[in-house]
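K.L.:
For reference, the structure I am asking about is given below.
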Amino acid sequence: MLRVEQSRLLFYLLFAIAVTASVQLVGVYLVFASLIIPALAVRSCVTGAVWLGLLTGTAGYAAGLLLSALFDLPSGAVIVLTLTVLAVVVSRACASRARSNTQRKQKGAGYI
């Protein structure tokens, strides 16, 4: 069985290889947008952030590819655009939910 240090090293090595190969295939713009935008979208989510980030990325890619095919636009730019729009929607929804949870807790504690 792999120890924690070995499994982390293996993860980082595989991640480096995957990013390098992806950059060569689709470009640095799309790869780093795919890594960063879904993570930024769910940074204020309290629960389910990993699954929501995965769903945000998948939906952004699917919508971007669909819009690209329908309107004959460059797929990389459209994917990044749809990822960004979807990320803003998800981020605002998470922030709104976090605010309402905070207000509900404060009401229950007798602060408001």
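K.L.:
How many residues does segment 59-98 hold that are closer than 17 Å to Ala39 by Cβ and not polar (S, T, N, Q)?
P.N.:
Step one: of segment 59-98, the residues closer than 17 Å to Ala39 by Cβ are 59-61, 79-80, 82-95, 98.
Remaining after also requiring not polar (S, T, N, Q): 59-61, 79-80, 83, 85-90, 92-95, 98.
The number of residues fulfilling the criteria is 17.
K.L.:
If you don't mind, another one. Could you tell me which residue of segment 31-45 is surrounded by the most Cβ atoms within 10 Å (Cβ to Cβ), considering only residues that are among the aliphatic types (A, V, I, L, M) and in contact with a Leu (Cβ under 8 Å, 6 or more places away or on another chain)?
P.N.:
The extreme case among them is Ala41.
K.L.:
Name the residue, out of Ala69, Ala77, Ala59, Ala87, that is under 22 Å from Ser22 (Cα atoms) and exposed (fewer than 13 other Cβ atoms within 10 Å of the Cβ).
P.N.:
Ala69
K.L.:
Are there any pairs with C-beta distances below 8 angstrom linking a residue in segment 2-29 that is in contact (Cβ under 8 Å) with a residue 40 or more places away in the chain to a residue that is β-branched (Val, Ile, Thr), with the two at least 6 apart or on different chains, and if so which?
P.N.:
Here the result reads Tyr29/Val80, each pair linking segment 2-29 to a residue that is β-branched (Val, Ile, Thr).
K.L.:
Just the residues that are modelled with pLDDT of 80 or more, charged (D, E, K, R) and closer than 17 Å to Cys45 by Cβ, please, taken from segment 72-112.
P.N.:
Arg92, Arg97, Arg99 - these are the residues of segment 72-112 that are modelled with pLDDT of 80 or more, charged (D, E, K, R) and closer than 17 Å to Cys45 by Cβ.
K.L.:
Here are some conditions: (1) closer than 24 Å to Ala93 by Cα; (2) in contact (Cβ under 8 Å) with a residue 12 or more places away in the chain; (3) among the aliphatic types (A, V, I, L, M). Leu55 meets all but one. Which one does it not meet?
P.N.:
Single failed check for Leu55: (2).
K.L.:
Quick one: how many residues across segment 24-49 are among the β-branched types (Val, Ile, Thr) and over 21 Å from Leu81 (Cα atoms)?
P.N.:
So the count comes out to 2.
The values are calculated or read from the model by the stated rules, or taken from the named source; none is laboratory data. All values derive from a computational prediction rather than experimental measurement. With ideal geometry, Cβ positions are generated from the backbone for all residues, glycine too; neighbour counts draw on all protein chains shown.
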